[in-house]
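The values are calculated or read from the model by the stated rules, or taken from the named source; none is laboratory data. These numbers come from a predicted model, not from an experiment. Just so you know, the surface numbers come from the protein's heavy atoms only, side chains and all, with ligands and any DNA or RNA stripped out. Shrake-Rupley method; radii C 1.70, N 1.55, O 1.52, S 1.80 Å.
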Amino acid sequence: MGSLFHRKNPLCDMGCKCPEQEQNFLLLDCSQRGISKLPTSLEFNSPLSIINFQNNRISSLAMSTFAIVDNIEELDLSLNQMTKIDNFTFTPFKSLVLLRLSHNYLSDIAPGLLDGLSNLRVLEMGHNAIQRLEKEAFQATPNLQELRLQYNPIFELPEQVFQFLPKLERLDLQDTGLVSLPSDVFMPTPHLQWISLSSNAFENVPEEALSKAPVLENLDLSGNDFTCLVRGDFRRLSRVSLLHLNNLPRLRRIEKDALAGLTSLKSFSCSYNPNLIYLDEDAFGSENSTISRVKTTPHEQLYLRQNALRTLKSPLKMESWSSLSFVDLADNPWKCDCNLRWMKQLKMETQMNIVCDSPPHLRGRPLSTVKTSELKCQDKWALTTFILTISTMVAFGLVVLAGSAVVCSRTRVGLYVRAKKQFSYAKVTPKTETVDLEWDPSADI
């Protein structure tokens, strides 16, 4: 078999790792061989089942490239320079299960590109230049279970783009420029369990579309443009058990009942959000919530690492904290006062990673080393008196400054300065600003 393969297959003369005499093998390794063009009418016989052309310089594939490819189950053409693949090129691959075309320069998925791949289970087309998806793009792959389209400038999904993928289970749309989803886009995919929508430009949680994926378990919404999560953002995602909300640069607040409805939640990851200053104690649901009768708090893991949280009222019941297998509250600028006394009931390893940022005399100390009696809040009456004193001083200072300004403005120097300011201002083009009418001043802690 080995010598026959050598005689019939020109790839052996192009540097591919081919079998020795009388040697059976499953993998034909043609990776990193500097190949720029494949011969035509290539034949691959049993027992060969995997072909690897990864990391070459192949720029295109013609319909005549492959002839006999019986029993080939995996084909890897990733990390090449392909800009064009003729329609029906993969038609001979009747047994193909996995096709890797990632890290190329393909600009679209023509309806005939995947023709013949009725047994395909996994398609990887991430890191290309795909700008549009036709409704018929996946018509030839009805058994596809995993589709990876990450890092393509798609920007918009047709509502029926997944209509021929009834068995789809995993979908990667990371960094594809999406700002919204058609409301029924996941209706044809009743088995979809895993979705990544991270690093896109969503300003609101696409809850309507996601609710059409009835068995969705793992959802990644990290790296989007949410500024505030509000009541009902996840109300119909009762099957989601793993929720990722990391690296959200604009997120400031998670309000009451924002996470209500996540009744199957096991792990909640909300870390590395540099402006997240507020997590409501009823974010996972309130007693009178119409969304869920019980708090939908995570059952196994809670990650709130490296946010901008200075204080926190417990979003979980104390018995729920002890049942978690892992809790991460580290690297927040915690203000260690009476509002954090409840944290002294957390496990010691959790307390060790909670480091005080203020007040000054506790800065740098792990919570585990701080006594409950040291977690004090400033007396409200003393604080009020202090504020009134400062306000009076400031008001008096402003009066003095105003009087001085009037006196100075009447001098020759004062008149010159005022005139110069007015002249300079006339040269400046006024800037227009967008005013957020829903901004909550109390959010500025």
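Per residue, region 82-158 exposes an accessible area of 40 Å² to a 1.4 Å probe, with every protein chain left in place.
Per-residue Karplus couplings for region 94-100, computed as 6.51 cos²θ - 1.76 cosθ + 1.60 with θ equal to phi - 60°, are listed in order as 5, 9, 5, 10, 10, 10, 10 Hz, Gly and Pro entered as x.
If you sort the three axes of the alpha carbon gyration tensor as a ≥ b ≥ c, you get a/c of 1.5 or more for region 112-183 and a/b above b/c, which makes it prolate. Based on C-alpha pairs under 8 angstrom that are at least 6 apart in sequence, region 188-249 has a relative contact order of 38 percent.
Just to confirm my numbers, what's the Cα centroid distance between region 233-271 and region 342-380 in Å? For region 233-271 versus region 342-380, the Cα centre distance is 27 Å. Estimated at the nearest 10 Å², the accessible area of His361 is 130 Å² with a 1.4 Å probe.
Computed with a 1.4 Å probe on the full set of protein chains, the accessible area for Val161 sits at about 0 Å². Overall, the accessible surface of region 170-283 at a probe of 1.4 angstrom is composed of carbon and sulfur to the extent of 44 percent.
If you take the square roots of the eigenvalues of the alpha-carbon gyration tensor of region 227-322 and sort them as a ≥ b ≥ c, do you get rounded (a/c under 1.5), prolate (a/b over b/c) or oblate? Taking the square roots of the gyration eigenvalues as a ≥ b ≥ c, region 227-322 is rounded.
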